[in-house]
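Visitor: Mind looking over this structure? Questions follow.
Each reported figure results from applying straightforward, stated rules to the coordinates on display, with no laboratory input. In this text the structure is predicted, and so the values were computed from the model without any measurement. Neighbour counts run over all protein chains shown; Cβ positions are idealised from the backbone, glycine included.
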Amino acid sequence: MNRIVAFGASSSKNSINKKLATWVAKQVENAEVQILDLNDFEMPIFSIDREKENGIPREAHDFRNVIKSADAVIISFAEHNGSFSSAYKNVTDWMSRIERGMWANKPILMLATSPGGRGAKTVLEHAVNIYPHRGAQVVGSFSLPFFKENFDENTGITDPALLQEFLKQKESLERTIGAFTE
């Protein structure tokens, strides 16, 4: 059984990205799922001065260890002013100080959603482009626009065309992690 770690890249208690990541992770066949909450990894704002004075926070090591123990990762990115949320960026800033290839070549399915029509595509495209340089194996990406209109917490993605697009990305992840277990 594959171990999947999933999270919304937001600190919101009602994160629609966490809801999407959770639902998606539960759709992956033969997977044991661990859902992370970024609030469990809250740290001081990264600065080189803080690192020199106090070292790297334990929470950064904890986050890194969870990622390293996974067979695959599912991230759904919240878009704040066209970029990553501050909470997520801070976690990855600290984590990158532990190891340059911080994603340990893990297969990652990247998602994004928002209440609007672009579905947080700006941050998703940015992540897809830069994460291979950070040690990620991006195996797929999917943006869900108009979250409230296109997602139901019980049944998931409600728009048939978007569901088909998502299923192709999920199958890419399943093929990749299936290759590791065969």
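Visitor: Using the structure shown, list the pairs from Lys148/Lys168; Lys52/Lys121; Lys68/Lys148; Lys52/Lys170; Lys52/Lys89; Lys26/Lys52 with a Cα-Cα distance above 31 Å, or answer none.
Guide: Values: Lys148/Lys168 22 Å; Lys52/Lys121 36 Å; Lys68/Lys148 33 Å; Lys52/Lys170 41 Å; Lys52/Lys89 20 Å; Lys26/Lys52 40 Å.
Where the Cα-Cα span goes over 31 Å, the pairs concerned are Lys52/Lys121; Lys68/Lys148; Lys52/Lys170; Lys26/Lys52.
Visitor: State the Cα centre-to-centre distance between region 1-74 and region 93-115 in whole Å.
Guide: Going from one Cα centre to the other spans 9 Å.
Visitor: I'd like the GluC sites (Glu not before Pro) in region 1-90 restricted to DSSP loop residues with at most 16 other Cβ atoms within 10 Å, sorted by number.
Guide: Glu29, Glu42
Visitor: Something else: Looking at region 59-111, which trypsin sites (Lys or Arg not before Pro) are DSSP coil and have at most 15 other C-beta atoms within 10 Å of their C-beta?
Guide: On the way: sites: Arg64, Lys68, Lys89, Arg97, Arg100; in loops: Arg97, Arg100.
Filter output for region 59-111: Arg100.
Visitor: Please compute the contact order of the chain in relative form: average sequence separation of alpha-carbon pairs under 8 Å and at least six residues apart, divided by the residue count, as a percent. Can you show the working numbers first?
Guide: Working: 346 pairs, mean separation 39.7, N = 182.
Contact order relative to length: 22 percent.
Visitor: Taking amide H atoms as placed 1.01 Å from N in the peptide plane, list the residues 5 or more away in sequence, or in a different chain, whose amide H sits under 5 Å from that of Ala9.
Guide: Ser76, Phe77, Ala78
Visitor: Give me the net charge for the shell around Ala9: Cβ to Cβ below 10 angstrom, other residues only, Lys and Arg +1, Asp and Glu -1. Don't skip to the end; give the middle numbers.
Guide: Working: positive: Lys18, Lys89; negative: Glu79.
Net local charge, Ala9 excluded: +1.
Visitor: Considering only DSSP beta bridges with both partners in the chain, what is the antiparallel share in %, to the nearest 5? Mind dumping the intermediate values first?
Guide: Values: 3 of 27 bridges.
The answer is about 10 percent antiparallel.
Visitor: If the cut-off is 19 Å between C-alpha atoms, which aspartates and glutamates fall inside it for Lys19, apart from same-chain ones fewer than 8 positions away?
Guide: Glu29, Glu32, Asp37, Asp40, Glu79, Glu149, Asp152, Glu153, Asp159, Glu165
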